[in-house]
Amino acid sequence: INNMVERGLLDGYSEQSLLMLATAMANNHPEPRKKHLFVDVSELVNGDSRTGIQRVTRSILNQLLKKEPAGYSIKPVYATLHENGYRYTNKFNLQPGDNKDEDLFIQARLGDIFLGLDLQHHVVCAQQAYLESMRDRGIKIHFLVYDLLPILLPHAFTAGAERGHINWLNTVTQFDKIMCISHAVEVELRDWQKNQGIERCRPFQTSWFHLGADMNNSFSSMGMPDEADKILLKLSSSPCFLMAGKITPHKGHTQTLAAFEKLWQQNIDINLVITGEPGELVEDLIDKLNTDKKNNPRLIWLNTISDEFLEKLYQTCNCLIAASEVDTTGHQLITAAQHNLPIIARNIPVFKEAAGQYAFYFDSLDSETLANSISQWLDLSA
């Protein structure tokens, strides 16, 4: 094309037209190369909100780069809201000779695969037409679905979250395959599709897999707080129950705290440790935690802790409480099992999938029933 421009054969053509011509020529006369597995890491590149999903994205990408699937070359890519198309990112796997200054547009061809590993609702919806053009040229388009929580529990999310998640699901289910992070999530996705009455002309697959739980090799944060020894000593003096994870409306913290308050009123000497940063729509609960932990030494709330200290808590506490009304992986239960830590869990499908018969289950949403279940567990433990 440069030669044609120099000869004046393309005078009058816009830069966009020249780009389209170059793309067409590249697609029709490709250079020999291995097939590419394009891994979308848009959130990591554009901002990185550092949620659990970004932890998963970083860990899976790291493993793919360490050991590429046979016949494929791993290419981390990203897109934005402001331009059409995906670009290579040199942020994760810069090789000698790579252009360090510019992230070039990807060149996808028949046999390549696009994997929507990260989660950026608006970007994927904005790139739908581009993804459709890739699919029409023989590139397989696969996405990960982590959960349907904004749809199943809209009251636990801010305004617009449900609609945004629906729009995203409507987009990603137009392509070739969805992979879910548990069988329970796959069932929820299939049920949602059925209820939506979505009809497809193209073949469509769903599958599921379990996430790993290797904290030591998943970019764990390190560091112990100044009062770590004091906290761990206190927890070892009487039975201690652990709730781990971000504090959100559907995680059951309010019910669990109320259940422990009933047990404390009966002078039952047990501790409750809650770890995790506050999410949205939990302002009243956070106010209560801040007040109660000042007046009740048996309640410990650790707002921000490292993975290293969390590991110590799993080793020290006597029982994990998993009270989520809806969950996606049961990851906390798997981590607890790795530490031989007994489990009290709400009786929901994904927890049954993760723990089977090796947990003590409760069903009710009221604090009285949960308090009775904890008392029963204490008797069984003794």
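Would a scan of region 182-190 turn up a residue that is free of Cβ contacts under 8 Å to residues at least 24 places away in the same chain, open to solvent by 50 Å² or more (accessible area, probe 1.4 Å) and over 22 Å from Val56 (Cβ atoms)? No, there is no match, as no residue in region 182-190 is free of Cβ contacts under 8 Å to residues at least 24 places away in the same chain, open to solvent by 50 Å² or more (accessible area, probe 1.4 Å) and over 22 Å from Val56 (Cβ atoms). Residue pairs whose Cβ atoms lie under 8 Å apart, sitting 6 or more positions apart in sequence or on different chains, and linking a residue in region 279-302 that is closer than 26 Å to Thr316 by Cα and open to solvent by 70 Å² or more (accessible area, probe 1.4 Å) to a partner that is of a type in the set (A, V, I, L, M) and in a helix (DSSP H, G or I), are Lys288/Leu257. Residues of region 220-235 that are exposed (fewer than 12 other Cβ atoms within 10 Å of the Cβ) and either under 27 Å from the mean Cα position of the chain (by Cα) or under 21 Å from Cys319 (Cβ atoms) (or both): Met222, Gly223, Leu233. Of all residues being touching a Ser or Thr at 6+ places or on another chain (Cβ under 7 Å) and either without any contact (Cβ under 8 Å) to a residue 12 or more places away in the chain or not in a strand (DSSP E or B) (or both) in region 236-255, which is nearest to Asn318 (Cα to Cα)? Just the residue, please. For region 236-255, the residue satisfying everything is Ser236.
Let me confirm something: among Ile268, Ile305, Ile300, which residue is farther than 25 Å from Asp363 by Cβ, among the aliphatic types (A, V, I, L, M), part of a loop (DSSP other than H, G, I, E, B) and touching a helix residue (DSSP H, G or I) at 6+ places or on another chain (Cβ under 9 Å)? Break it down stepwise before answering.
On the way: Ile268 fails: farther than 25 Å from Asp363 by Cβ; Ile300 fails: part of a loop (DSSP other than H, G, I, E, B).
Selected residue: Ile305, the only one of Ile268, Ile305, Ile300 that is farther than 25 Å from Asp363 by Cβ, among the aliphatic types (A, V, I, L, M), part of a loop (DSSP other than H, G, I, E, B) and touching a helix residue (DSSP H, G or I) at 6+ places or on another chain (Cβ under 9 Å).
State whether the residues of region 331-338 include one that is touching a Ser or Thr at 6+ places or on another chain (Cβ under 6 Å), of a type in the set (A, V, I, L, M, F, W, C) and more than 27 Å from Ala159 (Cα to Cα). Scanning region 331-338 turns up no residue that is touching a Ser or Thr at 6+ places or on another chain (Cβ under 6 Å), of a type in the set (A, V, I, L, M, F, W, C) and more than 27 Å from Ala159 (Cα to Cα). Across region 166-181, the qualifying residues are those that are among the polar types (S, T, N, Q) and assigned to a loop (DSSP other than H, G, I, E, B), and the one among them that is most open to solvent (accessible area, probe 1.4 Å) is Gln174. Taking every residue in region 52-72 that is farther than 17 Å from Asn90 by Cα and pairing it with any residue that is in a helix (DSSP H, G or I), at least 6 positions away or on another chain, the pairs with Cβ-Cβ distances below 7 Å are Gln54/Glu43; Gln54/Leu44.
The values are calculated or read from the model by the stated rules, or taken from the named source; none is laboratory data. Values in this document were obtained by computation on a predicted structure and should not be read as measured data. All Cβ positions, even for glycine, are placed from backbone atoms using ideal geometry, and neighbour counts span all protein chains on display. For the accessible areas, the whole protein counts, side chains as well, though only heavy atoms, and no ligand, DNA or RNA atoms are used. Shrake-Rupley method; radii C 1.70, N 1.55, O 1.52, S 1.80 Å.
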